[in-house]
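K.L.:
The structure's right below; bear with me while I get my questions together.
The values are calculated or read from the model by the stated rules, or taken from the named source; none is laboratory data. Just so it is clear, the model here is predicted, and its values are computed rather than measured. So basically every Cβ, Gly included, is an ideal-geometry build from the backbone, and we count neighbours across all protein chains shown. Keep in mind that these areas ignore ligands, DNA and RNA; they rest on the heavy atoms of the full protein, side chains included. Shrake-Rupley method; radii C 1.70, N 1.55, O 1.52, S 1.80 Å.
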Amino acid sequence: MEYEEYLAGLDESALAALLRARPDVLVEPVPRGLAALAQRLCSASSLVIALQTLNRDQLVVGEAITAGRLERLDQALLPAVLDQLRTLGLLWGPDLQLPPLLTQHWSMDRTEDAVLTGRPELPLVRTDAAAVHRAAQAAASALLDGVTSLLDKATAKPITALKKGGIGTKEVSRLARELAVEPETAALWLDLAGLSGLLGDVEEGFAPTTDFPRWRDLGPARRWTDLAEGWLAEAEHGPMRRALLTAAAGGVSVRAAADGLDWFCPMVHEDDVEQLVRDAETLGLVALDVLTDLGEFLAGRRDGVDDLLPEQAAGVILQSDLTAIVAGPPPRVILAAAEREAGAVWRFSATSVRAALDAGWTAEDLLAELGPAPQPLTYLINDVDRRHGHVRVREVRCCVVADEATATEIAHRLKGFSQLAPTVLSSSDSPANVLALLRNAGYAPVTENHAGTVVVEHAKEHMAQAIVDRTAVTAEELAARLIAEPHVPVEGGATFDRLSRQNHTLHPVELAMLAHAIDTEGDVVIGYRDRNGNRTVRRIRPEQLLNGWLDSWCYLREDEREFAVANIESVEAAW
């Protein structure tokens with residue numbers, strides 16, 4: 001039985017279950033018919049992802065099918081494992097067919113004495129449900145506050161990157177000190193921000209992406225879900241993380257599940273397990289040795305977390321040490337006049353208040369928005385306001401205007417100024433540098449334009465380009481679409497026709513996928529054989545098709561490369 005024929009025999013619910021188990025086929029360009037779906041499911045990249053989800057019994061059965069020794073396995077356990085492989089789309093037909101690439105893989109990876117053992121019996125844990133719930137909420141709240149604080153800091157000052165890429169331990173330690181957490185926690189926050197598309201590359205290092213403001217305005221349940229799903233989907237450790245959630249679901253001891261994780265995820269590395277459990281606790285997935293309701297949600301055993309992480313009522317407690325404790329989304333006056341110190345703690349300083357005044361606020365507006373303020377905060381705001389604008393910078397390149405005493409003081413204290421008049425100084429430096437110099441010296445200057453009008457400043461925010469979410473449809477939507485139109489002809493076009501004339505070995509579905517990538521400037525994964533006969537797999541972004549050559553950005557080489565269309569042996573969706 002052909003794979004496409006088998007897929008055509010599935011009802012909508014069974015097809016949707018298969019697609020949920022193989023989410024890599026839900027990205028653009030989504031399969032438009034069962035032929036395209038069969039090709040995607042049997043591609044090398046999709047099979048590699050599927051293999052990472054298999055438990056030990058599923059691997060044993062797959063190898064036994066390839067070797068023709070199913071009769072040696074425990075016949076009581078075998079039917080359930082066969083059904084699991086069918087659900088994953090790795091097995092079909094009465095004669096137990098496997099994708100050709102999978103057969104080839106397992107024929108080279110045989111374990112002759114492997115037996116079926118069934119799922120390990122793991123002990124249940126009796127815990128205080130209310131205590132687990134409180135611990136999960138506290139961990140999730142701390143996580144959201146921490147990641148938001150980290151990204152707020154990176155908005156004002158990008159995180160320094162190493163020359164070879166990534167973030168060094170020294171920079172992680174610096175961030176940990178500023179955020180008052182352990183370096184391990186700061187490193188996890190950085191990973192979560194990157195995996196969720198909230199932190200990206202800029203010229204100066206790493207900064208929040210343009211998705212950060214949108215994410216920040218979401219409710220806590222949606223923000224936490226974005227971070228947790230990014231953590232779960234990470235390519236290298238994702239299979240092990242999913243395996244732990246699967247093993248520990250339903251009240252099982254997390255420690256016992258971690259000890260037996262090699263059955264659920266045979267590729268597990270023992271050194272990674274302890275770190276995995278600590279990360280899960282930081283995310284609020286694990287508390288008191290059991291999965292929390294948040295963990296059960298991520299394991300697919302619970303619908304939604306809105307009731308677990310409700311919207312916090314916004315509130316601000318102003319304290320006499322010039323800090324504020326902020327619950328819920330910070331009001332605009334806090335964002336304007338204070339700096340996040342750590343978590344829910346914000347601090348007012350002369351610099352932060354001056355920044356608010358520079359942005360157009362007045363002392364009266366700040367005090368009115370804040371409400372009854374402690375005396376030290378009132379004094380601070382009024383003192384900065386009194387000095388604000390006392391010194392003015394007028395662009396001449398540049399001219400400083402102040403009262404006679406202050407102008408004379410600046411001329412004597414700081415280098416680079418010439419006194420043009422009792423109240424006027426000039427500088428050969430730029431207005432921006434002069435402003436910085438005066439502020440560092442303790443003055444509170446403002447900028448004026450050429451007409452002498454005060455310029456309202458806007459703090460520079462560093463933003464990286466957001467990562468586009470390529471998930472196009474849900475499993476249920478695609479299943480309904482394929483049931484309604486199972487046999488859709490491959491869509492041609494000018495690019496498809498050119499490719500088909502230059503490459504006679506690719507499947508029409510592969511040609512259509514490559515044409516789509518060229519026309520939309522999207523990513524694909526190609527198998528390529530160079531002129532020396534060496535085969536390589538590259539993720540590329542095609543840019544131009546010219547005279548039988550494909551000009552592309554190659555992610556492996558991080559540079560432009562040319563690929564002969566005739567030498568492309570396979571095309572797969574970039575997941």
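K.L.:
Using a 10 Å cut-off on Cβ atoms, rank the peptides 482-490, 353-361 from the highest mean neighbour count down.
P.N.:
Sorting 482-490, 353-361 by mean packing, highest first, produces 353-361, 482-490.
K.L.:
Sticking with this one: Using a 1.4 Å probe over the heavy atoms of the protein chains, calculate the carbon and sulfur portion of the accessible area of the chain as a whole percent.
P.N.:
Accessible surface attributable to carbon and sulfur in the chain totals 51 percent.
K.L.:
Return one quarter of the surface area of the convex hull spanned by the alpha-carbon atoms of the chain, equal to its mean projected area, in nm².
P.N.:
34.4
K.L.:
Per residue, how large is the accessible surface of the stretch 373-486? Use a 1.4 angstrom probe and give square angstrom.
P.N.:
With all protein chains present, the stretch 373-486 gives 58 Å² per residue.
K.L.:
Which angle between 0 and 90 degrees, to the nearest 10, do you get for helix 431-440 versus the longest principal axis of the chain when only C-alpha atoms count?
P.N.:
It works out to around 80 degrees.
K.L.:
Compute the accessible area per residue over the stretch 233-308, keeping the other protein chains in place, probe 1.4 Å, unit Å².
P.N.:
Counting only protein heavy atoms, the per-residue value for the stretch 233-308 is 42 Å².
K.L.:
Okay, next question. So what is the relative contact order for the stretch 129-299, in percent, with contacts set as C-alpha pairs under 8 Å and at least six apart?
P.N.:
Taking the mean separation of contacting Cα pairs over the length of the stretch 129-299, I get 26 percent.
K.L.:
Another question about this same structure. Net charge within 13 Å of A512 by Cβ-Cβ distance, Lys/Arg positive one each and Asp/Glu negative one each, not counting A512 itself?
P.N.:
-3
K.L.:
May I have the count of lysine pairs in the chain with C-alpha atoms under 18 Å apart, counting pairs 8 or more residues apart or located on different chains?
P.N.:
Number of lysine pairs found: 4.
K.L.:
Roughly what angle does helix 12-21 make with the longest principal axis of the chain, taking Cα atoms, 0 to 90 degrees, to the nearest 10?
P.N.:
Approximately 60 degrees, to the nearest ten.
K.L.:
Something else: In the chain, what % of DSSP beta bridges are antiparallel (nearest 5)?
P.N.:
90
K.L.:
Ok, one more. Roughly how tilted is helix 375-387, in degrees to the nearest 10 and between 0 and 90, from the longest Cα axis of the chain?
P.N.:
Helix 375-387 and the main axis of the chain meet at about 70 degrees.
K.L.:
How do the peptides 84-94, 128-138 rank, highest first, by the average count of neighbouring beta carbon atoms within 10 Å per residue?
P.N.:
Going from most to least packed, we get 84-94, 128-138.
K.L.:
Show me the ranking of peptides 524-533, 296-305 by mean Cβ neighbours inside 10 Å, starting with the highest.
P.N.:
Per-residue mean Cβ counts within 10 Å order the peptides as 296-305, 524-533.
K.L.:
Using Cα pairs under 8 angstrom and six or more residues apart, how large is the relative contact order of the chain, in percent?
P.N.:
Averaging sequence separation for qualifying contacts and normalising by length gives 15 percent for the chain.
K.L.:
So, one more: Only helical DSSP H runs with n ≥ 4 go in: add -39500 (n - 2.57) per run for the chain, normalise by residue count and round the 222 nm mean residue ellipticity to 500 deg cm²/dmol.
P.N.:
Taken over the chain, the calculation gives -13500 deg cm²/dmol.
K.L.:
Net charge near H237: determine it from the other residues with C-beta under 10 Å of the C-beta of H237, scoring Lys and Arg +1 and Asp and Glu -1.
P.N.:
Here the count lands on -3.
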